[in-house]
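Asks: If you scroll down you'll find the structure; I have some questions about it.
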Amino acid sequence: MKKKIYLDKIKELNINILEKKVNILGTYPNEKKSSENIAKKNILIKTNLFECESKIREMMYDIDDSEQFIKELENKQKSLQDAILVNSSLKGFIFDTCPCCQNKLKNRLHNECSLCGNELIEEGTNKNLLRMKNEIDLQLIESNKILLKDKIDFNNLKQEKKQIRTELRKTIVESSSVITSLNSNNENLLYSNYQQIGSLEEKILHLDKIKELLESISLLTNERDEIQLKINRLKDNIEKKKNLYRIREPEIKKIISEELISILRLDIGSEKEFKQAETVDFDFASNSISINGKSAFSESGMIFLYNSFKLALLLASLKKEYVRIPRFMILDGIENGGMEDSRSKNFQKIIHDKLLNSNVEFQIIFATKSIEPSLDNCDYIIGDTFSENKKSLNV
């Protein structure tokens, strides 16, 4: 509002100046020269303004290109880090069976890959990857330095543009005022008007600076409000998840307990607590399970209990979609702790029967030395069956 008042006042003063000049009959010998000088000054300022705007546009393109280039370098850097990690993890790993078709691989020389047969170069791959990573790291450092410098130059150019535009406005006002002759009797009045115009121009410049400050404050305020909204949404989500957890925790514990009890009651081992299982208590933090208040069993009984608990977890995830447990499980060493073959086979049959009618996609893999006869067929068996003469590890 104040800026409009000042601009209207400047317009009124310019009209007064023009009216006074029209009524002046004298001549002003330096008027033509002054007008030409102001015109030249206007042309020079406009040229500078055009060059400044061109530089700003070029700088915007350069900054955008630099940011895109840095993103590509960061993606390559991450890919190289992953490649180095994978290469280090697989170093020295020897395959004797093809992971795809399960056929035995041919013997390779010590300097050949056990899988594809290509010649191995000692530490060559990692050296090349590290060299490439170092080069990209250096490029990132230099690119970020260039980008920072470009942004500083870009901000300086924007400030320079504002100054040039202010200077241009002043020269336009000055040139519009000097159009007719002056006489000495009215010079003081004209000079007073020019002083008022200059003062109003300074006030407009001050208002522009205040406007910039207010815009910055408004931008920061909006950013603060957005962050606060995000914080509020996150707090609400946390509370919702807490409430959901309080509702779901008893439900999922009940399902796990019921599934575990049904599995334990089908066991043919010597633990009477399993056959008479009524209550189950488990705690993930302390890694403990108790059946009917008892948590100590025979070694084979503990193996059976822990494997049964894992199976109960899988069954719970198949029943409830919200259970965040992968529907994939590997059970190895189920005969540990001196478990009898008959007990192991019975456990395999329990696994089969419990999962047989599930409508949810899942996968379970278990390794055993003694296969339940009803499962010993191509529908369930994958890979070779190892024996005394055909060991799983060829050492």
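The values are calculated or read from the model by the stated rules, or taken from the named source; none is laboratory data. Since the model is a prediction, treat every value here as computed from it, not as a measurement. Cβ sites come from the backbone with ideal geometry, for glycine too, and all protein chains shown count toward neighbours. These area figures cover heavy atoms from the full protein model, side chains too; ligands, DNA and RNA do not enter into them. Shrake-Rupley method; radii C 1.70, N 1.55, O 1.52, S 1.80 Å.
Asks: Is it fair to say residue 345 is more than 42 Å from the chain's Cα centre (by Cα), among the basic types (Lys, Arg) and modelled with pLDDT under 90?
Replies: Judged against the criteria, residue 345 is not a match.
Asks: Here is a further query. Which numbered condition trips up residue 259, out of (1) modelled with pLDDT of 90 or more; (2) charged (D, E, K, R); (3) open to solvent by 70 Å² or more (accessible area, probe 1.4 Å)?
Replies: Against the list (1) modelled with pLDDT of 90 or more; (2) charged (D, E, K, R); (3) open to solvent by 70 Å² or more (accessible area, probe 1.4 Å), residue 259 comes up short only on (3).
Asks: While we're here: Looking at (1) surrounded by 13 or more Cβ atoms within 10 Å (Cβ to Cβ); (2) more than 25 Å from residue 161 (Cα to Cα), find the lone condition where residue 226 falls short.
Replies: Residue 226 satisfies all of (1) surrounded by 13 or more Cβ atoms within 10 Å (Cβ to Cβ); (2) more than 25 Å from residue 161 (Cα to Cα) except (1).
For every residue, the table says whether it meets (1) assigned to a helix (DSSP H, G or I); (2) open to solvent by 100 Å² or more (accessible area, probe 1.4 Å); (3) at pLDDT 70 or above; (4) of a type in the set (Asp, Glu).
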| position | (1), (2), (3), (4) |
| --- | --- |
| 27 | no, yes, no, no |
| 37 | yes, no, yes, no |
| 51 | yes, no, yes, yes |
| 65 | yes, no, yes, yes |
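Asks: Which is at pLDDT 90 or above and under 23 Å from residue 320 (Cα atoms), of 238, 291, 231, 247?
Replies: It is 238.
Asks: Moving to a separate point now. Which condition number does residue 290 fail, the rest of (1) free of Cβ contacts under 8 Å to residues at least 12 places away in the same chain; (2) loosely packed, with under 15 Cβ neighbours inside 10 Å; (3) polar (S, T, N, Q) being met?
Replies: So residue 290 meets the others, but not (2).
Asks: Right, another one. Of everything in segment 262-287, what is among the β-branched types (Val, Ile, Thr) and buried (at least 18 other Cβ atoms within 10 Å of the Cβ)? Give them in sequence order.
Replies: Within segment 262-287, 263, 280 qualify.
Asks: Quick one: how many residues across segment 300-344 are part of a loop (DSSP other than H, G, I, E, B) and either in contact with a Lys or Arg (Cβ under 8 Å, 6 or more places away or on another chain) or basic (Lys, Arg) (or both)?
Replies: So the answer is 5.
Asks: List the residue pairs whose Cβ atoms are under 6 Å apart, where the first residue sits in segment 298-313 and is more than 16 Å from residue 363 (Cα to Cα), the second is open to solvent by 40 Å² or more (accessible area, probe 1.4 Å), and the two are 6 or more positions apart or on different chains.
Replies: That search, which allows pairs on different chains as well, returns 300/338; 303/336.
Asks: Please go through segment 336-352 and pick out each residue that is open to solvent by 10 Å² or more (accessible area, probe 1.4 Å) and either polar (S, T, N, Q) or at positive phi (or both).
Replies: 336, 337, 338, 342, 346 - these are the residues of segment 336-352 that are open to solvent by 10 Å² or more (accessible area, probe 1.4 Å) and either polar (S, T, N, Q) or at positive phi (or both).
Asks: Can I ask one more? Filter segment 353-395 down to the residues that are assigned to a helix (DSSP H, G or I) and charged (D, E, K, R), then identify the one that is surrounded by the fewest Cβ atoms within 10 Å (Cβ to Cβ).
Replies: The selected residue is 353.
Asks: Scanning segment 141-191 for residues that are in a helix (DSSP H, G or I), modelled with pLDDT under 85 and of a type in the set (Val, Ile, Thr), which turns out nearest to residue 210 (Cα to Cα)?
Replies: Across segment 141-191, the extreme among qualifying residues is 166.
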